[in-house]
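The structure under discussion appears below in the form of structure tokens.
No lab work stands behind these numbers, since they all come straight from the coordinates. Quick caveat, the model's predicted, so the values are computed rather than measured. Positions of Cβ are backbone-derived with ideal geometry, glycine not excepted, and every protein chain shown enters the neighbour counts.
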Amino acid sequence: MKRLLLVVAVAVGLGGCAQIQRVQDAVVAVTKSYTNPVTRADLDNAEGGVQLIFTGLNTYKRACVQGIADKNCRANIAAIQVYTRKVPPVLKELRRSVDSGDQVNAISVYNGLMTIIRDIRNEAYIRDVKIGA
Amino acid sequence: MEAALALVVKYAQYIPLAIDAGSSVVDAISRMLRLAQGAEGGTITDEEVDLHRKALDKLIEDFNTPIPD
């Protein structure tokens, strides 16, 4: 019985690792430094990474509201929100820059967004918030 | 065929976002299919781009709102 439970635990863990790896891969692609012009595809990929992260964060937040997350979830969410609240204006400016072809601004704003995404990831990691789950 | 399927898979992720943004399930799926077809043909309307941006903005806003006491 114990061996069976161990096998199940390992399988679940590996499955979870695969899910987290997909998020990490997407976010790694999003956070790569960029010195070439920011294209629509780059913006699309960045927004895809942002979507993955916030989907995970909202799952955690819903669990917290429902009372089924860890006891520190409210504090964790408040701490992460310090960084997530920076995203909307930066994303808006990045979209404007890419749409208008303002590459000088687009590169600067894109790199700024990548920094914010890294901060969100780091804060979630420090607080053991699984945004890939 | 594989390329078309890959596009459908790619844009399927926007279905729940569109639903959260207020679209019906049927409407969200229809828009997703048009997006995938448009991407395959190289044409995506500004309206579709706007839809997905709004859906993502809503997702971000949902997390950023304070947790009710």
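Numbers at a glance
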quantity: Shielding score for B:48-54, defined as the mean number of other chain Cβ atoms within 10 Å; calculated: 2
quantity: Aspartates and glutamates with Cα under 16 Å of A:LYS130, excluding same-chain neighbours fewer than 8 positions away; calculated: A:ASP25, A:ASP70, A:ASP119
quantity: Proximal aspartates and glutamates relative to A:LYS92, as straight alpha-carbon distance under 18 Å, when same-chain residues fewer than 8 apart are discounted; calculated: A:ASP42, A:ASP44, A:GLU47, A:ASP102, B:ASP46, B:GLU47, B:GLU48, B:ASP50, B:ASP57, B:GLU61, B:ASP62
quantity: Theoretical FRET efficiency, 1/(1+(r/R0)^6), r = Cβ-Cβ of A:VAL65 and B:LYS54, R0 30 Å, to 0.05; calculated: 0.80
quantity: Label-to-label distance, nm, for residues given as B:ILE29 and A:VAL82 (7 Å Cα→Cβ offset); calculated: 4.5 nm
quantity: Rough spin-label spacing in nm, given labels placed 7 Å along Cα→Cβ, for A:ASP128 and A:ALA41; calculated: 4.1 nm
